[in-house]
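What follows is calculated from the coordinates using simple rules that are stated; it is not laboratory data. Treat the numbers as computed from the prediction; the structure is a model and nothing was measured.
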Amino acid sequence: MNLNPEQLTGYANQFIQVLVDYSPKLISAFLILFVGLYFIRVINRLIRRLMVKRNLDPTLTRFLSDILLWALRILLFVSFISKLGIETSSFVAILGAMGLAVGLSLQGSLSNFAGGMLIIVFKPFRVGETIEAQGIIATVSEIQIFVTKLLTANNQTVFIPNGALSNGTIINYSMQGQRRADLTFAISYDADIKKAKDILENILKNNPNVLTNPAPEVFVKNLTTSSVEFAVRPWAKNENYGAVFSKTLEDCKIALDEAGIATQPYTIQK
């Protein structure tokens, strides 16, 4: 199709007229966009500082600020296209349909997300604490939104989904600040019970890492068909628990052997 100069001039004039008529909306829309982005950054910084001052969990602070940031960006984008004259009702309907589809396809992830929020808000454990969950005893390394990262004693990294973690039993060994070691020694009926008890009590008294409050306990736990079982229960701070457990076990065995009191095999539980 050949266009003569008059037609080109006419099209150019129409384009310029449309641009002139539409330019106020275009300018105001981009003004809203740039000013909105600036204020979103300012609001996000203020919210972060406020949550830090309130001593909120760092993971929760980061997550809530990110959610707020994207929510404000979506609202700004809707306002931007609305100012341009684009119909937003269909756009919002499309976003809703997409959200529903994503939600249905990510049910497991949403369960882990909800579990992560419960863990962050109610704090059954914190980073650095030792817990037992899902059959694993380990130290909490990081609490993420979907999974919790644990580090075992033999330096293995374990990731547990927050959905399963929040719905299961959690034993927190660090929350109270101190722990009790439950040891059992089985001795023969021929042995002097009072002497054995004195030996075990002296071992606990001479260990500087054994706490005096709560006081350690030594008592006859059970009388079996072949032995007398003594319960030995020292208390220790969390950081000294492993040393107190192994030291008490070793010292009690050595002291009983030196006194001529034979011990019998027994399954020891931590």
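Using the Cα gyration tensor of region 105-223, with a ≥ b ≥ c the square roots of its eigenvalues, what is the shape: rounded (a/c below 1.5), prolate (a/b larger than b/c) or oblate (neither)?
prolate
Kindly write out, for region 136-151 in residue order, the coupling ³J(HN,Hα) from the Karplus curve 6.51 cos²θ - 1.76 cosθ + 1.60 (θ = phi - 60°), rounded to whole Hz, with x marking Gly and Pro.
In residue order, the calculated couplings are 10, 10, 7, 9, 6, 9, 7, 9, 9, 5, 9, 9, 10, 9, 10, 10 Hz.
By how many nm would the segment from Val52 to Glu142 lengthen if fully extended, with 0.36 nm per residue of separation less the alpha-carbon distance?
Full-extension gain reported as 30.6 nm.
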